[in-house]
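To start, the structure itself, in structure tokens.
The values are calculated or read from the model by the stated rules, or taken from the named source; none is laboratory data. Quantities reported herein were computed from a predicted structural model and do not represent experimental measurements. Counting neighbours? That spans all protein chains shown, and the Cβs are built from the backbone with ideal geometry, glycine included. Side chains are part of the model used for accessible areas, which takes the heavy atoms of the whole protein and leaves out ligands, DNA and RNA. Shrake-Rupley method; radii C 1.70, N 1.55, O 1.52, S 1.80 Å.
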Amino acid sequence: MRSSDILIVDDEVGIRDLLSEILQDEGYTVTTAENADTARQLRQQTRPAMVLLDIWMPDCDGITLLKEWAKSGQLTMPVVMMSGHASIDTAIEATKIGALDFLEKPISLQKLLSTVDRALKYGQMQAASNLSLDKLGHSPAIKELNQHLERIAKFSTPVLLTGELGSPFELVARSFHKSATPWVEPSKVEQIVDAPIELLQKATGGILYLGDIAQYGKSTQQSIGFILTKADRYNVRIICVCSRPIKEMITDPLQDNKLLNTLSSLIVAIPPLRSQLDDMVFLVEQITTELAESQKIPPVKFTTAALNELRQYDWPGNLEQLRSVVKSLMLTAEHNEIDVNAISTILNQFKYNHPHESMTGFNFDLPLRELREDLERRYFEYHIAQEGHNMSKVAQKVGLERTHLYRKLKQLGIQFSRRQTENKSC
């Protein structure tokens, strides 16, 4: 059961009730307001984790209320605007004021849930880190990363973030984001191809974060190349991610070499978690504090032996894997303490015993294609298990459009089932 509080503001009772019912079924705590005055009161009383705010209301429109919150310093939570007949200019205006995203009615279930999930994650990241890279640690590897980011922050050149799967790509990307400017990312991959100019318009004067190019097909990559040619016109900084080695991507005929060459002008390499194991105590404290506050999970204490066990592991899934492991340990902890046995039990689930497998758990005697498929298979199986076979959440977590995800899983021979509720809309 999630504990995130969501405030829905809409003058239509049918919309309020339907959105509330859907989100409560997903485990969220929901409050509703029929007008701006009630929304103001609930904003003070419940301190929502996010707000779904309708633009057109009889007493005060949503844009005016958004401006009011921004001016008074109360825009401390993600706000997603909703409307059935707003123009693109209205959506851009809302983004410039501080809205995180815009939903056009009627809202599909998939679009609603993915947007809410992203907004809540963004809010949690802000609350936990204040977008400060200091929260990633103080090891030499992180200090070097910070110095590199400081040197290039003043430029508007497109940035390519490289690193292994599970690295804190979005947190690093957000270090380039300046307050009171737009932060835009596609809610689904198809937007990159179908609506590139609309994305640029929404991001005018800010950041357009386009995600992991290694997970996209060649046509999507070519569309990113087009967006790069138009970015200066809208004063937009483009940030992309690549979770595969650049040399491997360039030699892959399925990749767009032109895009890779363009993005290679400014690369930021994010160090793997195993290069900063001295930060383990610090990182565990950050994660437990954030989870205790944002998801109301009872705080726990890790024994010294448990922390030492975490330092001995090489973390192939990097910070995302560490966060998932810590969350699982917190949810199953006895007497609010984590000992070395609990650590060993959960980490053994990720270890493999093939005699030719390396410390990372992969058999490097395999041909490259088979090794890559093995990595991808374990990666998707891990996230499917973590999300309880909820494919909507898996698609959001791995950054793939749902159809692309299903095709990839079928290719890898991974069994999955589609939830019947995914076709609902509101």
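What residue, of 289, 262, is within 21 Å of the chain's Cα centre (by Cα) and of a type in the set (Ser, Thr, Tyr)? Every option except 289 fails the conditions.
Figure legend. Inter-residue proximity from the range 361-380: first residues more than 13 Å from residue 408 (Cα to Cα) and polar (S, T, N, Q), second residues open to solvent by less than 70 Å² (accessible area, probe 1.4 Å) and at pLDDT below 70, beta-carbon distance below 7 Å, spacing 6+ or different chains. Indicated pairs: 363/357. For the residues 283, 277, the requirement of being assigned to a helix (DSSP H, G or I) and either surrounded by 20 or more Cβ atoms within 10 Å (Cβ to Cβ) or modelled with pLDDT of 95 or more (or both) singles out 283. Listed by first and then second residue, the pairs with beta-carbon distance under 8 Å, at least 6 apart or on different chains, first residue in the range 17-37 and open to solvent by 70 Å² or more (accessible area, probe 1.4 Å), second part of a helix (DSSP H, G or I), are 34/13; 34/16. As for the range 124-143, it holds at least one residue that is surrounded by fewer than 21 Cβ atoms within 10 Å (Cβ to Cβ) and closer than 23 Å to residue 390 by Cα.
I'd like to verify a number: residues in the range 123-159 that are at pLDDT below 80 and part of a helix (DSSP H, G or I), how many? Of the residues in that region, 10 qualify. Filtering the range 61-97 to residues that are part of a loop (DSSP other than H, G, I, E, B) and either at positive phi or in contact (Cβ under 8 Å) with a residue 60 or more places away in the chain (or both) leaves only 73.
For the range 371-391, residues that are open to solvent by less than 20 Å² (accessible area, probe 1.4 Å) and hydroxyl-bearing (Ser, Thr, Tyr) total 0. State whether the residues of the range 219-240 include one that is more than 30 Å from residue 288 (Cβ to Cβ) and under 15 Å from the mean Cα position of the chain (by Cα). Scanning the range 219-240, I find at least one residue that is more than 30 Å from residue 288 (Cβ to Cβ) and under 15 Å from the mean Cα position of the chain (by Cα), so the answer is yes. Looking only at residues in the range 290-307 that are open to solvent by 70 Å² or more (accessible area, probe 1.4 Å) and in a helix (DSSP H, G or I), which one is nearest to residue 160 (Cα to Cα)? Result: 293. Looking at this structure, is residue 247 closer than 14 Å to residue 158 by Cα and open to solvent by 40 Å² or more (accessible area, probe 1.4 Å)? The answer is no for residue 247.
Being of a type in the set (Lys, Arg) and open to solvent by 40 Å² or more (accessible area, probe 1.4 Å) is the filter; apply it to the range 38-79 and report the residue that is nearest to residue 104 (Cα to Cα). The residue in question is 67. In the range 84-115, the qualifying residues are those that are at pLDDT 85 or above and out of contact with any helix residue (DSSP H, G or I) (no Cβ under 7 Å at 6 or more places or on another chain), and the one that is surrounded by the most Cβ atoms within 10 Å (Cβ to Cβ) is 115.
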